[in-house]
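S.K.: One structure follows; several queries about it will come next.
The values are calculated or read from the model by the stated rules, or taken from the named source; none is laboratory data. If you're wondering where the values come from, they're calculated on a predicted model, not measured in any experiment. For neighbour counting, all protein chains shown are included, and Cβ atoms are generated from backbone atoms with ideal geometry for every residue, glycine included. Heads up: the accessible areas ignore ligands, DNA and RNA and are worked out on the full protein's heavy atoms, side chains in. Shrake-Rupley method; radii C 1.70, N 1.55, O 1.52, S 1.80 Å.
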Amino acid sequence: MTATTARPSLTAKASNYLDERTSMSTLVATLGRKVFPDHWSFMLGEIILYSFVAILLSGTFLTFFFEPSMTEVFYDGSYAPLKGLAMSAAYASALDISFDIRGGLLMRQLHHWSALLFIAAIGLHMLRVFFTGAFRKPREINWVVGFILFILALAEGFTGYSLPDDLLSGNGLAIINGMVKGIPIVGTWISYLLFGGVFPGDDIVPRLFVLHIMLLPALVIAFIGIHLVLMVINKHTQFAGPGKTNDNVVGAPIMPLFAAKAGSFFFIVFGALVAIASTFTILPLWEYGPYDPSPVSAGTQPDWYIGFADGALRLMPGWESEILGWTVSWNILIPIAVLGLFIVLAMVYPFIEQWITGDKREHHIAERPRNNPTRTAIGAAGVWFYAIMWAAASSDLIATHFRLNVFHVTYALQAMLIVGTVIVYWLTKRIAIGLQKKDREILLHGYESGRIVRRPGGEFVEVHQPLDEYEAWKLKAYESYAPVMVRPNAKGKITPATHLRAALTRWFFEDRVSPVTPRELEVAKQHDDH
Amino acid sequence: MSAEDQSAPSEQSIVAYDRGAAIEQSDGFSNPGLPPHRPRQTDLHPAKERRAERQVVAWFLLSMLGSVLAIVAYIAVPIEPGNMGSVRANNLFLGLAIALALLGVGIGGMHWARQLMSSHEVVEERHLSRGSEKSRARAVEIFELGDQESGFSRRTLIRNTLIGAVAIMPLPAIVLFRDLAPAADAVDSIAHTMWTEGERLALDPTGTPIRADDVTIGSAFHVIPESLKDLGHDEGYLDQKALAAVLLMRLPVDRLKEAPGREGWSYDGIVAYSKICTHVGCPVALYEQQTHHLLCPCHQSTFDVTEHAKVVFGPAKRPLPQLPITVDAEGYLIAQRDFTEPIGPSFWERLNHIDPDHVPVSAAETETRA
Amino acid sequence: MIGLVVAGGASVAVGSVASAEPSSAPYAQQLTAEDGELLFRANCASCHGLQAQGTENGPSLIGVGAASVDFQVMTGRMPMAFQGPQAEKRDPQFTQEQTDAMSAYIAALAPGPGVPDDEWLDASQVDDEGIARGGALFRINCAMCHNVAGAGGALTEGKWAPALRDIEPVHVYEAMLTGPQNMPVFNDANISPEEKREIIAYLAYLDENPSVGGFDLGSLGPVSEGLFIWIFGLGGIVAVSVWLTSRPN
């Protein structure tokens, strides 16, 4: 190596080495300065990803010590109140992780807290995407991919909840067993095969373990990969703002600002989770004792994300029929059907909305929820519906904490589920339209400044502060839709689908607030100046 | 608004998509463009910039300290077997030190990015998600070539038999799942419990048999068959317990409203009911000795013990199955026989396994069956 | 001893009352069953009847025994503050001596379970395996209402099972023995005195040992964990992301 001024640095040499073998420079050239818009709600997806990393790391640690077996052992660890009791090897090893391995309890709590955060962040992220219309073309497929991830996350959560084989998880499985048995024709057999014989059997923990640590994580990682690749291809949505259009992305480049922020955020999320895991108990499984079909604990609840299913079971009246000698458990089937329909409707919503609007263009501007009142109202009603079922899963705790009769709590929640959903829909729509009208007023006449002046004529008026053009743009820039007319198609016919579509666009857009036009603004200005 | 108006014409924007119900606003407002860049304090004052730099360094140093402390905590705060306080301390100090190490890097890095890295906004053009016209045309061409060269759509018989072969292929996988469970019949194995004539009622978990005299009014006993305690866990102890668990209660005789045909199933005000809920199978064990209600803690189904555990509230439909009991010569409580109907949650084939001797609790139960 | 008390009459019950308060016995003013009767008439008879025979507003107390009186009065459940779904725990309205006198009066009316001997309340006599047995018995017989961690739970129609943290051993024992309100009775044939002591020792273990993993969020299980992660976990991290996407000055 000669000592010339052009002597390459070590980094340059390493980069060259890599590029000559991988063509890395192409990737860096295309992605290195890719731009990401900045908004707090765009970080929700990152929270999901980072808590997933925390789950993977802590989960790997746990697999080194966890014994996924239902073989009977007699506990001989260091937790006195369980000494000598017969239990499964799975439960005993979970106790050993908690009490006999330094950092074991920390990793177990980190794993569980991260899982709760993972799914909570998924929920909030989905709400963000829904309420801003970020699922519209070209992102419908990515919405479905994300939805599959949500379902996979629920499956991961439930299989994990069942592994320690404590009283809580065992009773959770007992409920699953009962629900499966309620499925017509095949239910009894599915339960029998799932549990490897009569419930609880000796097989369910190892089987769920394989799903929990192998099949499901592989699927989650694969779908996260698809989700992120599609996000890179579609580029991120952004909120309307000055300089931001449907044809550009304004924000921070990956190198260096976005990478620095995202990388730091990873450590912040991870650090916050470790801090929670070191100071707050989650699932004190030693209190629950080993699974036994006879005991049960007051307050037997699933983890929060399964709560809506448990709540649906609680709210259902006790209906069951015996038809032609077969038993049909409506008290199980109807909740399953309602939940299934709810999930499927949410998953295909982007396609339904696109069919109604007939809008085939690409949309990259995240809408403000108020600017699409009907969608926002549908979403709010869905959130309410979900939230009531979720609350129902803790009806007993609501009763004890607020000194209420648990029967009355159940009746009230049943009413709120059906009537409340309609009221919330209507109310949200009115509020959204009201906010649109307010925006219109502000745009036309400016902010109310709170300053009162007396006119020469003796009249008192409040001075309105006009918006600057950058602020005004946020209120001007939105898409508006109108109901479509029923028109004959190319063959000169009017099909039922055309009628349906016209009716649906009326439902969606009839009471829309039309955006301000430049002419209106001009007139308003002249009037105010007058 | 109409954002497209702003974009520079490119090859792709020739594609005109249907606007559907969207309103065209040809006279829309024009985008004012990015607002002028506002410099930060750190851009304007070198002193502030240096201060921010020192803060970032401080956070990174704190992180290092956290990592060292974590190792110290691991060694210096060990777990003493059986001492729960030591487990708690280990968890707390180890965790907080690791959290400090992580948060130090996170907060320091964030501070660096926010205060010191360039804050100029960058604009990147978007393009339609679809490929370029050239690549689309080439893709079509490739598929046509593939079809041509293989004869996929020309040789229909080959194509259709291939599709059929692949469609049937997964079927063996379904068959393979049969041996997830033993060869026995699924329904038979849950239709009966280990209660038989003369089986003594015994305390859970000790297996001590129960004398009728010992069951005083207001008592609730959690019961297993006496012979269950001889079963090892590897011999299906939990499986049999899940079927046979029973709750035994004594009520004042005048409170019991016994249905015709079931008078002989109780003994002097002592009644035994399956503990497994007829809804989805949680143990129903919350007995209120004054109201004589039994509550399931999972979904709040409530059963009235005075009337053969009929449902008074909640999502369960059927009453809890009653175990017919009596006493033996020594005064111990024994079962007269197995339950007359399958216990636990409803299942499709349940009615096929109801014993001819079963006495329905009420006319309502028989009515729905008809 | 307990067997004697259960089977025995008033004199035995009075004897065991005295032995329940050994420290105060030598110098405290000893109240008699007659004093207890006066206290009863003044404070309890309006609901339970002048002869404790019961009225529309309160059950008969004949045969409930000294243990029941001691439990109800010394946990403040009786006299009842107001008619509700069930009597609530509060500060006791009577001293131990006054309560003992009323217990003696009630016990003299008809035989019933007496106040337990100190021997059966002493958790220190229970070894680790006994605590483990106590835990198993607690899960089978108690946890369905009182929750595995003793956090309490809901019953039907506005009633509830109270939390069991930091309860006097004697009251735990008396509750099992007498089945106050809607709690079932756990007599000595169901749960022997030794087993009751093991349950008391298990509860003492829960009281004495800290929540291992950190703050226990009320030991209410997954519901409080879910609320915590939404409000403080996700809420906190979202607050952080609002900060870090904001523009610095």
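S.K.: Within the stretch C:49-87, name every residue whose backbone N is under 12 Å away from a label modeled 7 Å from Cα of C:Q93 along the Cβ vector.
M.R.: C:73-74, C:76-83
S.K.: Which longest run of chain B has no exposed loop site in it, a site being trypsin sites (Lys or Arg not before Pro) in a DSSP loop with at most 10 other beta carbons within 10 Å, and the site itself not part of the run?
M.R.: Working: sites that count: B:R154, B:K257.
Here the longest run is B:1-153.
S.K.: Determine the total buried accessible area between chain A and chain C, counting protein heavy atoms only with a 1.4 Å probe; round to the nearest 100 Å². Could the numbers behind the result be given before it?
M.R.: Values: alone 29430 and 14010 Å², together 38710 Å².
What A and C bury together is about 4700 Å².
S.K.: Which GluC sites (Glu not before Pro) does the stretch C:32-74 hold that lie in a coil by DSSP with at most 12 other beta carbons within 10 Å? Mind showing how you got there, number by number?
M.R.: Details: sites: C:E34, C:E37, C:E56; in loops: C:E56.
In loop regions of the stretch C:32-74 (DSSP not H, G, I, E or B), the sparsely surrounded GluC sites (Glu not before Pro) are C:E56.
S.K.: Using just the alpha carbons, could you tell me how many Å³ per residue the convex hull of the stretch B:180-254 encloses? Present the calculation step by step, with values, prior to reporting the outcome.
M.R.: Details: hull volume 9.0 nm³, N = 75.
Cα convex hull per residue, to the nearest whole number: 120 Å³.
S.K.: While we're looking at this one, here's another question. Would you list A:L313, A:L475, B:L231 from the most to the least accessible area, probe 1.4 Å?
M.R.: My answer, sorted largest first, is B:L231, A:L475, A:L313.
S.K.: Given the C-alpha centroids of the stretch B:162-236 and the stretch A:377-418, what is the distance between them in whole angstrom?
M.R.: About 35 Å separates the Cα centre of the stretch B:162-236 from the one of the stretch A:377-418.
S.K.: What FRET efficiency comes out for A:I226 versus B:R337 if R0 is 60 angstrom and r is the Cβ-Cβ distance? Round to the nearest 0.05. Walk me through the numbers on the way to the answer.
M.R.: On the way: r = 59 Å, r/R0 = 0.98.
My answer for the efficiency is 0.55.
S.K.: Express in whole angstrom the spacing between the alpha-carbon centres of the stretch C:156-219 and the stretch A:271-347.
M.R.: The stretch C:156-219 and the stretch A:271-347 have Cα centres separated by 27 Å.
S.K.: While we're looking at this one, here's another question. Which value in nm describes the separation of the simple spin-label points at B:D213 and C:E119, placed 7 Å from the Cα toward the beta carbon?
M.R.: 2.2
S.K.: Okay, next question. Return one number: the angle in degrees, 0 to 90 and rounded to the nearest 10, between the long axis of the Cα atoms of helix C:235-245 and the longest principal axis of the Cα atoms of chain C.
M.R.: 20
S.K.: A further question on this structure: Starting from one equal scatterer on each C-alpha and no solvent at all, send me the Debye-based log10 I(q)/I(0) for the stretch B:189-369 at q = 0.08 Å⁻¹, two decimals.
M.R.: Relative scattering, expressed as log10 I(q)/I(0), comes to -0.22.
S.K.: Roughly how far apart, in whole Å, are the Cα centres of the stretch A:20-65 and the stretch A:134-199?
M.R.: 28
S.K.: Once phi is turned into ³J(HN,Hα) by the Karplus curve 6.51 cos²θ - 1.76 cosθ + 1.60 with θ = phi - 60°, what whole-Hz value does each residue of the stretch C:33-49 show in order, with x for glycine and proline?
M.R.: Along the stretch C:33-49, the couplings run 4, 5, 4, x, 4, 4, 4, 4, 4, 6, 10, 10, 5, 4, 9, 8, x Hz.
S.K.: Gain in length, B:D18 to B:H127, computed as 0.36 nm per residue apart minus the alpha-carbon separation, to one decimal in nm?
M.R.: Details: separation 109, 0.36 × 109 = 39.24 nm, distance 1.75 nm.
Working it through step by step, the gained length comes to 37.5 nm.
S.K.: Measure nothing fancy, just the Cα-based angle from helix B:133-150's long axis to the longest principal axis of chain B, in degrees from 0 to 90, nearest 10.
M.R.: Around 60 degrees separate the two axes.
S.K.: Moving on. Taking the inverse of the average 1/r across all pairs of different Cα atoms in the stretch A:382-510, what Kirkwood radius in Å do you get?
M.R.: Values: mean 1/r = 0.0495 Å⁻¹.
Computed over the stretch A:382-510, the radius equals 20.2 Å.
S.K.: To continue, here is another question. Jot down the per residue volume, in cubic angstrom and as a whole number, of the convex hull over the alpha-carbon atoms of chain A. Please list the in-between numbers first.
M.R.: Working: hull volume 150.9 nm³, N = 530.
Hull volume over Cα atoms, normalised by residue count, gives 285 Å³.
S.K.: A further question on this structure: If the limit is 21 Å between Cα atoms, which of A:K437/A:K476; A:K474/A:K525; A:K429/A:K525 go over it?
M.R.: On the way: A:K437/A:K476 12 Å; A:K474/A:K525 18 Å; A:K429/A:K525 30 Å.
Over 21 Å Cα-Cα: A:K429/A:K525.
S.K.: Roughly how tilted is helix C:65-74, in degrees to the nearest 10 and between 0 and 90, from the longest Cα axis of chain C?
M.R.: Helix C:65-74 and the main axis of chain C meet at about 50 degrees.
S.K.: Carbon and sulfur atoms: what percent of the 1.4 Å accessible area of the stretch B:80-178 do they account for?
M.R.: 69
S.K.: Continuing with the same structure: Using the basic label-point model (7 angstrom from Cα toward the beta carbon), what is the B:L176 to C:V242 distance in nanometres?
M.R.: 5.2
S.K.: So which helices of chain A fit the span-like rule, where a helix is a whole DSSP H run, its Cα atoms reach 24 Å or more along the axis, and its mean Kyte-Doolittle is at least 1.6? Let's see the in-between values first.
M.R.: Values: long enough: A:44-63 (28 Å, 1.77); A:104-131 (40 Å, 1.17); A:140-162 (33 Å, 1.30); A:216-234 (26 Å, 2.39); A:259-279 (30 Å, 1.72); A:330-357 (38 Å, 1.71); A:373-392 (28 Å, 0.86); A:421-445 (36 Å, 0.20).
Result, helices passing both filters: A:44-63, A:216-234, A:259-279, A:330-357.
S.K.: Label the stretch A:1-114 by shape, choosing from rounded, prolate and oblate, from the square roots a ≥ b ≥ c of the eigenvalues of the Cα gyration tensor; if a/c is under 1.5 it is rounded, and otherwise prolate applies when a/b is larger than b/c, oblate when it is not. Working shown, then result.
M.R.: Numbers: a/c = 3.96, a/b = 2.35, b/c = 1.68.
Verdict is prolate for the stretch A:1-114.
S.K.: Per residue, how large is the accessible surface of the protein assembly as shown? Use a 1.4 angstrom probe and give square angstrom. Mind dumping the intermediate values first?
M.R.: Values: 50310 Å² over 1149 residues.
Value returned for the protein assembly as shown: 44 Å² of accessible area per residue.
S.K.: Suppose we compare each residue of the stretch C:126-145 in its chain alone and in the full protein complex with a 1.4 Å probe; which ones drop by at least 50 Å² of accessible area?
M.R.: Residues shielded by partner chains are C:D128, C:A132, C:R139, C:I140, C:M144.
S.K.: Take the eigenvalues of the Cα gyration tensor for the protein assembly as shown, scale each by 5, and report the square roots as semi-axes in whole Å, largest first. Before the final figure, lay out the partial values.
M.R.: Numbers: eigenvalues 773, 262, 223 Å².
Each semi-axis is √(5λ); the values are 62, 36, 33 Å.
S.K.: Evaluate E = 1/(1 + (r/R0)^6) for C:F82 and C:L50, where r is the Cβ-Cβ distance and R0 equals 30 Å; express this FRET efficiency to the nearest 0.05. Display every interim value, and only then the final one.
M.R.: Numbers: r = 22 Å, r/R0 = 0.74.
With R0 = 30 Å, the Cβ-Cβ based efficiency is 0.85.
S.K.: At a probe of 1.4 Å, how much accessible area disappears from chains B and A on forming the pair, both sides counted, to the nearest 100 Å²?
M.R.: So the buried area, both faces added, is about 10300 Å².
S.K.: Right, another one. Just in the stretch B:143-230: which GluC sites (Glu not before Pro) are loop by DSSP and have at most 16 other Cβ atoms within 10 Å?
M.R.: Working: sites: B:E144, B:E149, B:E197, B:E199, B:E226; in loops: B:E197, B:E199.
In loop regions of the stretch B:143-230 (DSSP not H, G, I, E or B), the sparsely surrounded GluC sites (Glu not before Pro) are B:E197.
S.K.: Could you work out how far apart the two model spin labels at C:E129 and B:S118 are, taking each label as a point 7 Å from the Cα in the direction of the beta carbon, and quote it in nm?
M.R.: The answer from the label model is 7.5 nm.
S.K.: Another question about this same structure. Would you jot down the residues in the stretch B:47-95 that end up with at least 40 Å² less accessible area in the complete protein assembly than in the chain alone, with a 1.4 Å probe?
M.R.: B:Y74, B:I79, B:M84, B:V87, B:R88, B:N91
S.K.: Next up: What aspartates and glutamates sit close enough to A:K261 to cross-link, taking a C-alpha to C-alpha distance under 15 Å and skipping anything fewer than 8 places away on the same chain?
M.R.: A:D38, A:E46, B:E121
S.K.: While we're on this one: Can you find, among B:Q336, B:A73, B:V361, the residue farthest towards the positive end of the dipole of chain B? Put +1 on the C-beta of Lys and Arg, -1 on that of Asp and Glu.
M.R.: Checking the options against the dipole of chain B, the answer is B:A73.
S.K.: Let me check something: with ligands and nucleic acids excluded, how do A:V453, B:V175, A:V205 order by accessible area (1.4 Å probe), largest to smallest? Walk me through the numbers on the way to the answer.
M.R.: On the way: A:V453 50, B:V175 105, A:V205 0 Å².
The ordering from most to least exposed comes out as B:V175, A:V453, A:V205.
S.K.: Quick check for me: using +1 on Lys/Arg Cβ and -1 on Asp/Glu Cβ, what's the dipole size of chain A about its Cα centre, in debye to the nearest 20? Walk me through the numbers before you get to the answer.
M.R.: Details: 42 positive and 42 negative charges, 426 e Å.
In total the dipole reaches around 2040 debye.
S.K.: Out of A:L413, A:W40, A:N371, whose Cα points farthest toward the positive end of the dipole of chain A (charges: +1 Lys, Arg; -1 Asp, Glu; placed on Cβ)?
M.R.: In chain A, that residue is A:N371.
S.K.: From the Cα gyration tensor of the stretch C:116-209, with a ≥ b ≥ c the square roots of its eigenvalues, which class applies: rounded if a/c is under 1.5, or else prolate if a/b is larger than b/c, or else oblate?
M.R.: Details: a/c = 1.78, a/b = 1.40, b/c = 1.28.
The shape class here is prolate.
S.K.: Separate question: State the percentage of accessible surface on chain A attributable to carbon and sulfur atoms; use a 1.4 Å probe and exclude ligands, DNA and RNA.
M.R.: On the way: 15410 of 22360 Å².
Reported share for carbon and sulfur atoms: 69 percent.
S.K.: Among A:S93, A:P290, A:T245, which residue has its Cα furthest toward the positive end of the charge dipole of the stretch A:33-355, with +1 on Lys/Arg Cβ and -1 on Asp/Glu Cβ?
M.R.: Farthest towards the positive pole: A:T245.
S.K.: Structure shown: which of A:K244/B:K48; B:K275/C:K196; B:K257/C:K159; B:K241/B:K310; A:K181/B:K310 lie over 26 Å apart, alpha-carbon to alpha-carbon? Write out the running numbers ahead of the final one.
M.R.: Numbers: A:K244/B:K48 31 Å; B:K275/C:K196 23 Å; B:K257/C:K159 24 Å; B:K241/B:K310 23 Å; A:K181/B:K310 21 Å.
Violating the 26 Å limit, Cα to Cα: A:K244/B:K48.
S.K.: At a Förster radius of 25 Å, what calculated FRET efficiency corresponds to the Cβ-Cβ distance of A:S321 and B:N352, to the nearest 0.05? Numbers along the way, then the final one.
M.R.: Details: r = 16 Å, r/R0 = 0.63.
E(calc), rounded to 0.05, equals 0.95.
S.K.: Taking a probe of 1.4 angstrom, what is the accessible area of B:T278 in Å², to the nearest 10?
M.R.: B:T278 exposes around 0 Å² with every protein chain in place.
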